[in-house]
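Below: the structure, in structure tokens.
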Amino acid sequence: MLTLASKLKRDDGVKGPRTSNPASDSTRRVSIRDKLLVKGTCKVYFPDPNKLHYFQLTVTPDEGYYQGGKFQFEIEVPDAYNMVPPKVKCLTRIWHPNITETGEICLSLLREHSIDGTGWAPTRTLKDVVWGLNSLFTDLLNFDDPLNIEAAEHHLRDKEDFRNKVEDYIKRYAR
């Protein structure tokens, strides 16, 4: 399973050993996440300004298979937050290996308990959730551990036809 933690470690390994202190590393990561959000690929909307525990996120990927689509997510922060993860559902019908057509999402940081230890932790933030959802369209797109097995097998069988079906879904459901 590809996870946010492994992605960050992999990126760090590509850049070579660090010479800075750990405090600046976390600051650097935050600034990268902030840049992703500022880039315009994610927008938050509060349908009811009196319910700050419930909001919607729009992800508009600017690269990859899902470029040009607008994907809506519903995020509900439970009373037990930050001990439990927020509940997230994709409201936009999508052809994706890690999101079912009914909106269920496979993202390790949204799991309260995970075998590999990469699930939710009280140290996680809503910014991590936004970053993770955005990354499902690029870095964390995972065909090896799919929730939507049919989509993953489609990609394995015929990448061009997979791309065509994704584009068809974007035209029909994600504009």
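The values are calculated or read from the model by the stated rules, or taken from the named source; none is laboratory data. Given the structure is predicted, the values throughout are model-derived calculations rather than measurements. Please note: Cβ atoms are built from the backbone with ideal geometry, for glycine as well, and neighbour counts cover all protein chains shown. Ligands, DNA and RNA are excluded from the accessible area calculation, which covers all protein heavy atoms including side chains. Shrake-Rupley method; radii C 1.70, N 1.55, O 1.52, S 1.80 Å.
General remarks:
- Taken together, the residues in region 74-117 that are open to solvent by less than 30 Å² (accessible area, probe 1.4 Å), closer than 17 Å to residue 172 by Cβ and outside any strand (DSSP E or B) amount to 5.
- Condition met for residue 150 (under 24 Å from residue 175 (Cβ atoms) and under 13 Å from the mean Cα position of the chain (by Cα)): no
- If you go through region 149-166 and keep only what is touching a residue at least 60 places away in the same chain (Cβ under 8 Å) and either open to solvent by 20 Å² or more (accessible area, probe 1.4 Å) or among the aliphatic types (A, V, I, L, M) (or both), you end up with 163, 165, 166.
- Evaluated against (1) assigned to a helix (DSSP H, G or I); (2) farther than 15 Å from residue 75 by Cβ; (3) open to solvent by 20 Å² or more (accessible area, probe 1.4 Å), residue 127 falls short on exactly one condition, (2).
- Residues of region 100-117 satisfying the condition of being over 21 Å from residue 149 (Cβ atoms) and within 14 Å of the chain's Cα centre (by Cα): 109
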